[in-house]
Amino acid sequence: MYQKPDWDIEGRDWPNREASRFVEVCDLRWHLQQMGAGPILLLVHGTGSATHSWRDLAPLLAKDFTVIALDLPGHGFTSSPKDDEGLSFPGMATSLSALLNTLGVTPDLVLGHSAGAAILARMCLNHCIAPRALISENGALLPLRGIAGHWFAPAARFIATHPLIPRFLAWRARIAGGVQDLVDSTGSRLDQRGMDLYRRLVTSPAHVAAAVGMMAKWDLEPLERDLPRLTTPLIMLVAERDTTVSPDEARRVRDLLPSLEVVTISGLGHLAHEEEPATVAALVHSIAERFGLLRPE
């Protein structure tokens, strides 16, 4: 078992630390943040990320919403599940549902980034949550195609079963340029603060092991099969420079779900909400207005 980052050391200056707290639910010690007042907006990050990803967006949204963000199991400062199934999409959906039940929270609106959108879609399909709308930002909702689809999960499973590899990857991230190359591969450009926070995470073997374990369980075929029966309105925010999840994926989702609404964000990459939080906040505000959660400005 890898040691988690220390909240008093790695988390000493964590973004929005004053909004943080820890909750024990179902053998997991969750790190979550809550701020603002108004309709409840749940934010779920993607693989390999954490609450730091919402560092600038969450305070903007907190002007109109009660914003709840969390570190997924094994990520950031949330403890790791006891078995690998806890890192699967169904496992995370179940664990997150248990957390919301314990908190007594019923989200009015949900926003998921990348794999976080898939977790929220599964929760909607399982009737664990019933938000007015599901906002997917560069969501990874469908299985990978082509060669990548054949080697991605097996490679991740191989890495996940060899405990020394996450340690090596965390060590490798300490080398100059390692984290920069990782961020560059998303098509996004982050400031130094953002780079430093990602460096803090990916140099933690525990965080890397959770991200790899999640990718090893990256089975989206059941979600692809079930998406046509999704009744929650789905809005996909698609950044045109995203090189992690191709903007063309939205067309595949629309083939399954004709009611899908697609909003293109120009000039930004996979981490659009970190590059231009005000742009994404404005889009979320507009969507909330249309679904009667906020009054028009």
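The values are calculated or read from the model by the stated rules, or taken from the named source; none is laboratory data. It should be emphasised that the depicted structure is a prediction, and the values quoted were computed from it without experimental measurement. All Cβ positions, glycine included, derive from the backbone under ideal geometry; neighbour counts span all protein chains shown.
Considering only the stretch 284-297, state which residues are of a type in the set (A, V, I, L, M) and more than 18 Å from the chain's Cα centre (by Cα). Reasoning before the result, please.
In the first step, residues of the stretch 284-297 are kept if they are of a type in the set (A, V, I, L, M); the result is 284, 287-288, 293-294.
Scanning the stretch 284-297 gives ILE287, ALA288, LEU293, LEU294.
Of the residues that make up the stretch 218-231, is at least one farther than 18 Å from GLY46 by Cα, modelled with pLDDT of 95 or more and in contact with a strand residue (DSSP E or B) (Cβ under 7 Å, 6 or more places away or on another chain)?
The answer is no, given that none of the residues of the stretch 218-231 is farther than 18 Å from GLY46 by Cα, modelled with pLDDT of 95 or more and in contact with a strand residue (DSSP E or B) (Cβ under 7 Å, 6 or more places away or on another chain).
Could you list, ordered by first residue, the pairs with Cβ atoms under 9 Å in which the first is in the stretch 228-253 and closer than 19 Å to ALA130 by Cβ and touching a residue at least 12 places away in the same chain (Cβ under 8 Å) and the second is of a type in the set (Val, Ile, Thr) and not in a helix (DSSP H, G or I), at least 6 apart or interchain?
THR232/VAL110; THR232/ILE129; LEU234/ILE135; ILE235/ILE135; ILE235/VAL262; ILE235/VAL263
At least 1 residues that are within 25 Å of LEU190 (Cα to Cα) in each: list the helices (runs of 4 or more DSSP H) lying fully within the stretch 203-297 that qualify.
Values: elements: 205-216, 221-226, 249-256, 272-275, 277-290.
The helices (runs of 4 or more DSSP H) meeting that bar are 205-216, 249-256, 272-275, 277-290.
Quick check on this structure: which one of GLY76, GLY112, GLY116, GLY38 is surrounded by fewer than 18 Cβ atoms within 10 Å (Cβ to Cβ) and modelled with pLDDT of 95 or more? I'd like the intermediate steps shown before the answer.
On the way: GLY76 fails: surrounded by fewer than 18 Cβ atoms within 10 Å (Cβ to Cβ); GLY112 fails: surrounded by fewer than 18 Cβ atoms within 10 Å (Cβ to Cβ); GLY116 fails: surrounded by fewer than 18 Cβ atoms within 10 Å (Cβ to Cβ).
Every option except GLY38 fails the conditions.
I'd like the residue in the stretch 1-35 that is among the charged types (D, E, K, R) and within 21 Å of PRO59 (Cα to Cα) and, out of all such residues, is surrounded by the most Cβ atoms within 10 Å (Cβ to Cβ). Quick ask: steps written out before the conclusion?
Step one: filter the stretch 1-35 for residues among the charged types (D, E, K, R), giving 4, 6, 8, 10, 12-13, 17-18, 21, 24, 27, 29.
Imposing the further condition that a residue be within 21 Å of PRO59 (Cα to Cα) reduces the set to 12-13, 17-18, 21.
Numbers: ARG12: 9, ASP13: 9, ARG17: 12, GLU18: 7, ARG21: 9.
Checked the stretch 1-35; the qualifying residue surrounded by the most Cβ atoms within 10 Å (Cβ to Cβ) is ARG17.
Could you tell me which residue of the stretch 42-75 is nearest to TRP30 (Cα to Cα), considering only residues that are among the small types (Gly, Ala, Ser) and in contact with a His (Cβ under 6 Å, 6 or more places away or on another chain)?
Going through the stretch 42-75, the residues among the small types (Gly, Ala, Ser) turn out to be 46, 48-50, 53, 58, 62, 69, 74.
From the residues that got through so far, the ones that are in contact with a His (Cβ under 6 Å, 6 or more places away or on another chain) too are 46, 50, 53.
Values: GLY46: 16, ALA50: 12, SER53: 16 Å.
This residue is ALA50.
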